[in-house]
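Have a look at the structure below before the remarks.
Just so you know, all these numbers are worked out from the coordinates, no wet-lab data involved. This is a predicted model, so every value here is computed, not measured. Counting neighbours? That spans all protein chains shown, and the Cβs are built from the backbone with ideal geometry, glycine included.
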Amino acid sequence: MKHKTILSTKKRVSRKGWVLAAGSLILSILVIAGLLQVNQKRNEEVFQKLISEILSVSHQQQEFEARNIIETTQRSLEAIAAIYQTSDADPESAWTQSYLKAVQNFNSVRDIRYFSAATLRSMLETPIPGTDPQGIENLLNGQPYISDLFQQKQYGTDALISISVPVIQNDQVIGAFHSILNADLLVNVPNSDDEEYAQNFLVRRDGEIILEPYGWPEIPYRLQTELEGIGASDIAMENVETALKQGESEMMLIKGADNRALYITISSLGYNDWLLLSIAYPYEFKGYSKLISQNAAVLTASLIVFLVLLAIVVSAIFTRQRRKILHNQARYDLLAQFSDTILFEYACETQRLTFTPNIAERFNVPADLILYPMNPQVEMPLIHPEDQPAMISMLNSAALSTGNSLYRLDVRFQTREGGYRWVSCQGQAIRERSGYPLSIIGKIVDIQDQKSKEERLIEKSSTDAMTGALNREATEARIEKRLSDDQKGFLFLLDIDNFKEINDTRGHMIGDQILIDLVQLLKSEFRQNDVIGRLGGDEFMVFMDQTQDPQAAIQKASHILNRLAVEKAGAFSVSIGIASAPLDGTTYDQLYDAADKAMYQAKRQGKNSYFLRKPRPEDSFETSA
């Protein structure tokens with residue numbers, strides 16, 4: 001009897017143990033499932049945000065290219081018109097036609113023509129394709145003009161736009177330069193090798209589609225009609241209408257019937273009420289969302305199996321973590337394949353920075369793709385030494401902040417060949433519920449071409465088109481900057497002697513060549529970092545800083561005069577006025593005034609000479625004829 005009681009007690013204890021184990025197992029499964037769902041939702045949010053960022057960058061790049069095409073063409077025409085503003089040259093001369101052909105071959109414009117003011121007035125009654133009365137009135141009033149889309153018989157069915165700028169001489173509009181561009185450039189990035197996941201359209205604020213990715217719409221239609229076709233809701237339609245009226249929107253996901261949907265982004269180009277519309281369809285994302293859900297289901301099933309096998313709990317936990325890491329890495333690898341974007345993750349606890357494998361194709365990274373930016377003992381050749389403090393500061397700021405701000409920093413990465421390229425790093429912290437930072441996940445985008453283009457545009461806007469010297473505004477700005485850093489140097493003001501007579505007797509082409517030759521001589525005579533600019537007409541300026549030796553300035557001026565006499569065989573000469581900083585002033589205006597007076601003193605003493613006040617109290621001067 002006692003034996004049976006003991007067996008019964010053991011059975012009860014065993015049953016309680018199994019019940020407790022089963023309850024613990026069920027509770028563990030529920031807890032893990034809940035945590036997995038929360039983590040999955042958080043990862044999905046980050047994933048969707050990265051997709052939205054990539055599509056936004058694509059739209060912004062197209063917007064930048066469209067604006068840049070129009071602005072570059074307009075600036076080119078304005079630069080051509082400026083040649084005739086400062087001279088009496090005839091825009092209808094044979095030289096002008098040759099020059100326009102050269103500019104046309106260099107740029108993406110199809111045609112550059114000149115119309116006289118009389119021709120423009122006649123177009124008020126009978127406008128040609130690409131013009132309208134209001135645009136012609138703008139030109140005659142001295143304002144540039146950008147046409148709406150049009151077609152021209154000689155170019156077939158291509159959609160075109162025209163850009164025109166006035167030519168002004170002696171405060172009068174004497175005509176205009178008129179160019180034609182292919183409108184397809186506004187919705188297609190030229191020479192792009194990247195895989196495109198969005199289509200770009202040109203629309204008006206009422207929603208009318210006026211240009212598709214490959215030309216005119218076969219049948220006129222509106223964006224609202226496209227949205228009605230997928231069964232978009234009334235609220236979505238109202239949001240789109242508001243975005244069209246405002247001329248801009250963030251990335252919007254428009255959902256319709258039967259799981260149909262599309263992403264749209266709208267922004268204004270700033271011309272003729274044109275809006276740039278980008279449309280992307282979720283099915284273009286190659287089923288990433290479905291793959292994520294499938295992997296999450298597999299991971300959940302694996303965890304349940306591991307929990308059932310209590311005998312290998314430790315091994316189960318380790319495998320779960322490993323699969324979770326591989327799963328997340330696979331997601332980021334897929335996103336990296338979506339474009340040329342490189343992804344990174346910075347683990348806040350271990351201070352370890354890792355990248356997706358595609359970084360090794362272009363940049364100098366360790367074989368294990370891991371960096372330790374917070375450890376000063378470990379070299380980090382990937383990041384330019386000057387940019388490393390900023391990178392460390394960004395990672396610290398993202399980790400220590402309490403919000404969900406998106407952090408961005410432009411830095412230089414070392415390529416596999418040893419050079420450096422500009423990249424944009426964008427990251428956001430992933431946190432526990434308590435707010436404790438776990439990691440920073442972000443992307444790295446190569447922006448070298450954009451940086452180079454910005455530098456070229458800045459350089460082009462600050463350079464005199466004819467001579468290659470700096471223009472007046474850039475010259476003044478750079479000299480002011482040099483003076484703010486070091487108030488020492490000499491300002492040379494040069495004026496070509498009898499230049500008007502040269503133009504009148506020998507022709508403007510000879511005069512232009514003399515201007516070009518003088519700049520070339522100045523560039524070979526002065527140091528590479530000295531400021532050389534054209535102030536206008538035949539007046540030039542050079543600033544030689546970091547010296548107070550008047551003999552150096554005298555030798556430069558004398559050598560310039562001697563070289564002109566020998567190399568140009570007396571074809572032309574210059575008069576040079578020299579001002580000294582800080583003796584004659586410490587600002588651009590003060591030095592310019594002093595050099596101008598000195599230059600006219602050189603003119604009065606017979607031209608082909610220089611004039612420099614000696615740094616002595618009795619105000620004596622150094623001159624040479």
D (µm²/s, integer) via Stokes-Einstein for the range 341-453, Kirkwood Rh across alpha-carbon pairs, 37 °C, 0.692 mPa s: value 228 µm²/s
What net charge do the residues around residue 431 carry, taking every other residue with its C-beta under 13 Å from that of residue 431, with Lys and Arg at +1 and Asp and Glu at -1? -1
If one computes the Cα centroid of the range 535-614 and of the range 448-505, what distance in Å separates the two points? 16 Å
Which distance in Å, rounded to a whole number, links the C-alpha centroids of the range 195-240 and the range 403-431? 35 Å
Using the Kirkwood radius over C-alpha pairs as Rh, can you work out the diffusion coefficient of the range 504-560 via Stokes-Einstein at 4 °C, viscosity 1.567 mPa s, in µm² per second? 102 µm²/s
What fraction of the Cα pairs in the range 70-183, stated in percent, has a spacing above 21 angstrom? 32 percent
So what's the range 462-612 giving for Rg/Rh, alpha carbon basis, Kirkwood Rh from the mean inverse pair distance? 0.95
What residue among 144, 94, 174 has its Cα farthest toward the positive end of the dipole of the range 70-183, where the charges are +1 on Lys, Arg and -1 on Asp, Glu, each on the Cβ? 94
Simple Cβ-charge dipole of the range 341-453, Lys/Arg +1 and Asp/Glu -1, about Cα centre, in debye nearest 20: 280 debye
Loop trypsin sites (Lys or Arg not before Pro), the range 429-485 (other Cβ atoms within 10 Å of the site Cβ: 15 or fewer; DSSP): 433
Can you give the net charge of the other residues whose Cβ lies under 10 Å from the Cβ of residue 514, counting K and R as +1 and D and E as -1? -1
